[in-house]
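K.L.:
Have a look at this one before I ask anything.
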Amino acid sequence: MDRPPTGLESLREQVVTCRACPRLVAWREEVARRKRRAFREEDYWGRPVPGWGDPQARLLVVGLAPAAHGANRTGRMFTGDRSGEWLYRALFHAGFASAPRSLAAGDDLRLRDCYVTAALRCAPPGNRPAGQELRNCRPFLERELELLGQVRVIVALGRVAFAQVRLILASRGAVLPEPFPAFRHGLRIPLEEGRVLLASYHPSQQNTFTGRLTEDMFRKVWDEARELVGAAPLPPAGQEGPVPPKGARSRGQAPPPPPAPAAPG
Ligand code: SF4
């Protein structure tokens, strides 16, 4: 007998069928039709990208949005682009990921005690979402926060994600510092009940190519997250939390990831 879907699974179904933002629907589908030359043999995902990871995660990572030829192609957040290379390498070194690379939704990467999502689920042109699009998408992130009841540490990648997390915390009645600090890399904001919000520059090429964000700076964020989360025992083999989106393709090999479009930090 089929088991009923969990809250996260139901949410995923809602996310992947969403068409609330006409501009983004048109863009994600056009990118998926046109493709980048390096991926012309691939079927692009071309739909909203759900979060993924360990449902019992104590670490929540919030990015900006899927990259047009990254997650919009592979169907998994931060998968198939340079930003993802940075993120999963850092998560691996901090013990939150089973491998340092994220190639495709069907690879064997597993997240441990960690869930990766974004403020926006559809790739925006030029990585610039409109305010209304962020408002349309915010309930998905809000619902994820409700469903991920073990989260102790939130890492916001970039100022857009940071602002969205702040808005959600405020709307949920969280007691926040007043005045609320402006975004800066390395910022640490204590929340209620021992929870913590950390801010990091987004690992976009705009930041990593210019040296605004270095590997060392980025690793320190995850080392801090690890310390704050505590020395979590790893889940037993086979019970880690891979949650690839339904319908995402599984590939043994994927082509080398493309340059990711810039995302402001
Ligand atoms: S950005 Fe979010 S709200 Fe807008 S269409 Fe995509 S999933 Fe729906």
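The values are calculated or read from the model by the stated rules, or taken from the named source; none is laboratory data. Predicted, not measured: the structure shown is a model, and the values here were computed from it. Here Cβ is always computed from backbone atoms with ideal geometry, including for glycine, and neighbour counts include all displayed protein chains.
K.L.:
Going residue by residue through region 30-51, is there one that turns out to be modelled with pLDDT of 95 or more, aliphatic (A, V, I, L, M), within 16 Å of the ligand (Cβ to nearest atom) and part of a loop (DSSP other than H, G, I, E, B)?
P.N.:
Yes, region 30-51 contains a residue that is modelled with pLDDT of 95 or more, aliphatic (A, V, I, L, M), within 16 Å of the ligand (Cβ to nearest atom) and part of a loop (DSSP other than H, G, I, E, B).
K.L.:
Also: In the list R101, R73, R121, which residue meets the criterion of being of a type in the set (K, R), part of a loop (DSSP other than H, G, I, E, B) and away from the ligand (no atom under 13 Å from the Cβ)?
P.N.:
Step by step, each of R101, R73, R121 is checked, and only R101 is of a type in the set (K, R), part of a loop (DSSP other than H, G, I, E, B) and away from the ligand (no atom under 13 Å from the Cβ).
K.L.:
G84 - would you say it is in a loop (DSSP other than H, G, I, E, B), closer than 23 Å to L213 by Cβ, touching a residue at least 60 places away in the same chain (Cβ under 8 Å) and away from the ligand (no atom under 16 Å from the Cβ)?
P.N.:
No, not satisfied.
K.L.:
Name the single residue that is surrounded by the fewest Cβ atoms within 10 Å (Cβ to Cβ) among those in region 26-56 being of a type in the set (A, V, I, L, M, F, W, C) and under 23 Å from L134 (Cβ atoms).
P.N.:
Taking the candidates together, the pick is A26.
K.L.:
In addition: Which residue out of F78, F92, F96 is of a type in the set (F, W, Y), closer than 22 Å to W222 by Cα, modelled with pLDDT of 95 or more and surrounded by fewer than 24 Cβ atoms within 10 Å (Cβ to Cβ)?
P.N.:
Going through F78, F92, F96 in turn, just one is of a type in the set (F, W, Y), closer than 22 Å to W222 by Cα, modelled with pLDDT of 95 or more and surrounded by fewer than 24 Cβ atoms within 10 Å (Cβ to Cβ): F92.
K.L.:
So, in region 126-142, exactly how many residues are in contact (Cβ under 8 Å) with a residue 40 or more places away in the chain and within 12 Å of the ligand (Cβ to nearest atom)?
P.N.:
Summing the residues that are in contact (Cβ under 8 Å) with a residue 40 or more places away in the chain and within 12 Å of the ligand (Cβ to nearest atom) in region 126-142 gives 8.
K.L.:
Quick check on region 1-25: of everything there that is surrounded by 12 or more Cβ atoms within 10 Å (Cβ to Cβ) and closer than 14 Å to P125 by Cα, which residue is farthest from the ligand (Cβ to nearest atom)?
P.N.:
Among those that are surrounded by 12 or more Cβ atoms within 10 Å (Cβ to Cβ) and closer than 14 Å to P125 by Cα, it is R23.
K.L.:
Filter region 148-190 down to the residues that are more than 20 Å from A123 (Cα to Cα), polar (S, T, N, Q) and part of a helix (DSSP H, G or I) and list them by number.
P.N.:
If the condition is that a residue be more than 20 Å from A123 (Cα to Cα), polar (S, T, N, Q) and part of a helix (DSSP H, G or I), then S171 is the only one that fits.
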